[in-house]
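Take a look at the structure below.
The values are calculated or read from the model by the stated rules, or taken from the named source; none is laboratory data. Predicted model, so just to flag it, every value in this text is computed and none were measured. Cβ coordinates were reconstructed from backbone atoms using ideal geometry, including for glycine residues, and neighbour counts include every protein chain displayed. These area figures cover heavy atoms from the full protein model, side chains too; ligands, DNA and RNA do not enter into them. Shrake-Rupley method; radii C 1.70, N 1.55, O 1.52, S 1.80 Å.
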2 protein chains.
Amino acid sequence: MSTARDLPHPEPADFQLTQVLFALSDPARLSIVQGLVDGPQEVAACQPVGGELPKSTLSHHLKTLREAGVVRSTPHGRQRHLELRRADLEGRFPGLLDAVLDAAPDPRPSDTPAR
Amino acid sequence: MSTARDLPHPEPADFQLTQVLFALSDPARLSIVQGLVDGPQEVAACQPVGGELPKSTLSHHLKTLREAGVVRSTPHGRQRHLELRRADLEGRFPGLLDAVLDAAPDPRPSDTPAR
């Protein structure tokens, strides 16, 4: 059953390459994605390494990632879980996410401004 | 000798992953890059497939691509040549450009707005 807490997620066939690249093109968003490589996290724990973002900024980043198809956000009790849609991305754009993750720098120091 | 017509280009060591992803995240810029895969072009001929951009818009896109390290713009007589920095990108971010090019859609119809 769909509820108000279910957020829209694109099907892999509807992923847009440029939208995915844009979602990954921000240091804070890329850092959040790097933090999901080892498994899902509670949304409340998803922050870029090196600096806490204001809640509204974080929400905006997570929306950009979700709408591009990079992450899935699902209700989990009173929390939400965020997971990387690794298989969906790999199926649609083979090699892309791995190339980005391989190229991604170690987390930046906290004084690096987010774009 | 450096002249006023030489534009600045980053060294591969200074390429920023997020800047490259951002440069490739616009449909018009991605289409320009696709047009350079088979070899350099005169800048005057570099337009996204499907629609001519105003000169100022094109210049802005080419600057974004050049400053990210994606393309090199060199004087060539009265014209400028634009080439894809494929080897430099491959050396710095292995597999990334190929994954993007493999995933890139065929050129869009002319009624698709550029971002």
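Assess whether A:Glu52 counts as being outside any helix (DSSP H, G or I) and free of Cβ contacts under 8 Å to residues at least 12 places away in the same chain.
Judged against the criteria, A:Glu52 is a match.
If the condition is being part of a loop (DSSP other than H, G, I, E, B), more than 12 Å from chain A (Cβ to nearest Cβ) and open to solvent by less than 40 Å² (accessible area, probe 1.4 Å), then segment B:20-37 contributes only B:Leu36.
Considering only segment A:69-78, I want to know if a residue exists there that is among the aliphatic types (A, V, I, L, M), part of a helix (DSSP H, G or I) and either under 24 Å from B:Ala28 (Cβ atoms) or in contact with a strand residue (DSSP E or B) (Cβ under 9 Å, 6 or more places away or on another chain) (or both).
No, segment A:69-78 has no match at all.
Here the condition is being away from chain B (no Cβ under 14 Å) and under 24 Å from B:Val20 (Cβ atoms); of A:Leu17, A:Leu84, A:Leu7, it holds for A:Leu84 alone. The residue that is nearest to B:Ala28 (Cα to Cα), among those in segment A:1-22 that are out of contact with any helix residue (DSSP H, G or I) (no Cβ under 8 Å at 6 or more places or on another chain) and modelled with pLDDT under 95, is A:Asp6.
Right, A:Gly50: surrounded by fewer than 19 Cβ atoms within 10 Å (Cβ to Cβ), in contact with a Ser or Thr (Cβ under 9 Å, 6 or more places away or on another chain) and either of a type in the set (Gly, Ala, Ser) or modelled with pLDDT of 90 or more (or both) or not? Yes; evaluated as a whole, the condition is true for this residue. For segment B:87-97, the criterion of being open to solvent by 50 Å² or more (accessible area, probe 1.4 Å), part of a strand (DSSP E or B) and more than 14 Å from chain A (Cβ to nearest Cβ) is satisfied by no residue at all. Which condition number does A:Pro40 fail, the rest of (1) in contact with a helix residue (DSSP H, G or I) (Cβ under 9 Å, 6 or more places away or on another chain); (2) touching a residue at least 40 places away in the same chain (Cβ under 8 Å); (3) surrounded by 16 or more Cβ atoms within 10 Å (Cβ to Cβ) being met? All conditions pass for A:Pro40, except number (1).
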